[in-house]
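Asks: Below you will find the structure I want to go over with you.
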Amino acid sequence: MTPGLAKLMEEVAPEARRGLAEDLWRLAYTRNRTDIDRARPYLDRNHAGILVYAAAAGGGRTLAVIDTGDRLVAAIDRFKPVRVGSAVRLVPASFDEPLTWRLDVDEAFPLDARVCFDRAPSTRAEGRWVEVLRATLEDIRSAEAIRRDAIAAQRRRLAPFEVPPSVETHLRERAEAVRREVLRTTDFSAEEKAELERLRAARASGSYAEQKRAHEREQALLRVRQERFNDALRAALESLKATIPDIRAARAAIVARNEATHAALRRLEDADTESRARTNETVVAERYLDAFDRAPFMLELREPPSGLEDPDRARDVLRAIALLSRALPRIANVRVAV
């Protein structure tokens, strides 16, 4: 037995269950390692990597083995339950004797599946999990295509943007229209126009007295018409003034509709961007699966992942594949005879 494994077994004995030493030896062999090192505290860094093994060590303690990418590191302490396959950090909780450890989870393994890092698939059926995940990626792509079609349909149903008119500009336009309408409705009547023609003719030909009377009568008719115009315009402007709250409310409603459309459009654009990103992630995950065909570990799926129309569920599958890719051994051809 190698030195690291021997020290671990001394620490867990006699509580260690039968077969633990064989499991650890098989783990080191499968992970292309020559030994499992006992964790040692460092002031400048932690042991970070993938949790590749966890087992009860007696006395309420747990033996946790982490693959840091460079080596296998093990520690024994009262760790909270952590799923194998999770990205973790082994942190010294106390440097006093006896040394204690804390297992921090950076990213928990999200699938309801058991990852076995201590053995590679020995039969075709045990390696079928890779094909199951490959089919799952295809289902994710199909679900994302359907989701983007639904997003596009929602985008088409959004209310169009409107340019809200300025209240001041709107009031000026309405006031000018009111003035033109009052000017039209308070114009001289046909009788007044005929009388004005006679008065102007009298002013051009006639005695001085007749011209003076014609001028005074003409001025009186003009004053009557001006007063009629002023009274009607004042009443019309008062009516227009009473509509100002309605005009402001209508403008506020247009602004609110525009803001709601903008918020919905931004939400849909974000959802579309996320959907395309998940689709692109399936392409990366497909390359990982090609490497899993030769991976020295296996995944025991109770059933194929379902509910992939839920983005969170699809993300769980993609994150699980990414975590497994981090667990691929980086060192090859260093196995020792057993």
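Asks: The conditions are (1) in a loop (DSSP other than H, G, I, E, B); (2) farther than 26 Å from L20 by Cα; (3) at pLDDT 90 or above, and D44 fails exactly one of them. Which is it?
Replies: If we test D44 against (1) in a loop (DSSP other than H, G, I, E, B); (2) farther than 26 Å from L20 by Cα; (3) at pLDDT 90 or above, just (3) comes out false.
Asks: Here are some residues: L308, L324. Which one is modelled with pLDDT under 95, surrounded by 12 or more Cβ atoms within 10 Å (Cβ to Cβ), under 23 Å from D106 (Cα atoms) and not assigned by TED's automatic domain parsing to the domain that holds E176?
Replies: Being modelled with pLDDT under 95, surrounded by 12 or more Cβ atoms within 10 Å (Cβ to Cβ), under 23 Å from D106 (Cα atoms) and not assigned by TED's automatic domain parsing to the domain that holds E176 holds for just one of L308, L324, which is L324.
Asks: Further question: Quick one: in region 199-208, of everything that is over 18 Å from R223 (Cβ atoms) and surrounded by 12 or more Cβ atoms within 10 Å (Cβ to Cβ), which residue is farthest from the chain's Cα centre (by Cα)?
Replies: Pass one, region 199-208, residues over 18 Å from R223 (Cβ atoms): 201-202, 204-208.
Those still in the list that are surrounded by 12 or more Cβ atoms within 10 Å (Cβ to Cβ) too: 202, 206.
On the way: A202: 86, G206: 91 Å.
My answer is G206.
Asks: Taking region 113-138 as the search range and keeping residues that are in contact with a strand residue (DSSP E or B) (Cβ under 8 Å, 6 or more places away or on another chain) and assigned to a loop (DSSP other than H, G, I, E, B), which one is nearest to S275 (Cα to Cα)?
Replies: G127
Asks: When the residues of region 15-32 are narrowed to those that are in contact with a Leu (Cβ under 9 Å, 6 or more places away or on another chain) and at pLDDT below 85, which ends up surrounded by the fewest Cβ atoms within 10 Å (Cβ to Cβ)?
Replies: By that ranking, first place goes to A21.
Asks: All but one of (1) under 60 Å from the mean Cα position of the chain (by Cα); (2) surrounded by 12 or more Cβ atoms within 10 Å (Cβ to Cβ) hold for A242; which doesn't?
Replies: Condition (2) is where A242 drops out.
Asks: When you go through A295, A250 one by one, which is the residue that is surrounded by 11 or more Cβ atoms within 10 Å (Cβ to Cβ), out of contact with any Ser or Thr (no Cβ under 6 Å at 6 or more places or on another chain), small (G, A, S) and not in a helix (DSSP H, G or I)?
Replies: Exactly one residue qualifies, and that residue is A295.
Asks: Under the condition of being surrounded by 10 or more Cβ atoms within 10 Å (Cβ to Cβ) and hydroxyl-bearing (S, T, Y), which residue from region 164-188 is farthest from I254 (Cα to Cα)?
Replies: T186
Asks: Can you find a residue that is in contact with a Phe, Trp or Tyr (Cβ under 9 Å, 6 or more places away or on another chain), assigned by TED's automatic domain parsing to the domain that holds A48 and surrounded by 14 or more Cβ atoms within 10 Å (Cβ to Cβ) anywhere in region 108-115?
Replies: Yes - at least one qualifying residue is present in region 108-115.
The values are calculated or read from the model by the stated rules, or taken from the named source; none is laboratory data. Since we're looking at a predicted model, the values are computed, not measured. Methodologically, a virtual Cβ is constructed for each residue, glycine included, from the backbone with ideal geometry; neighbour enumeration extends over all protein chains shown.
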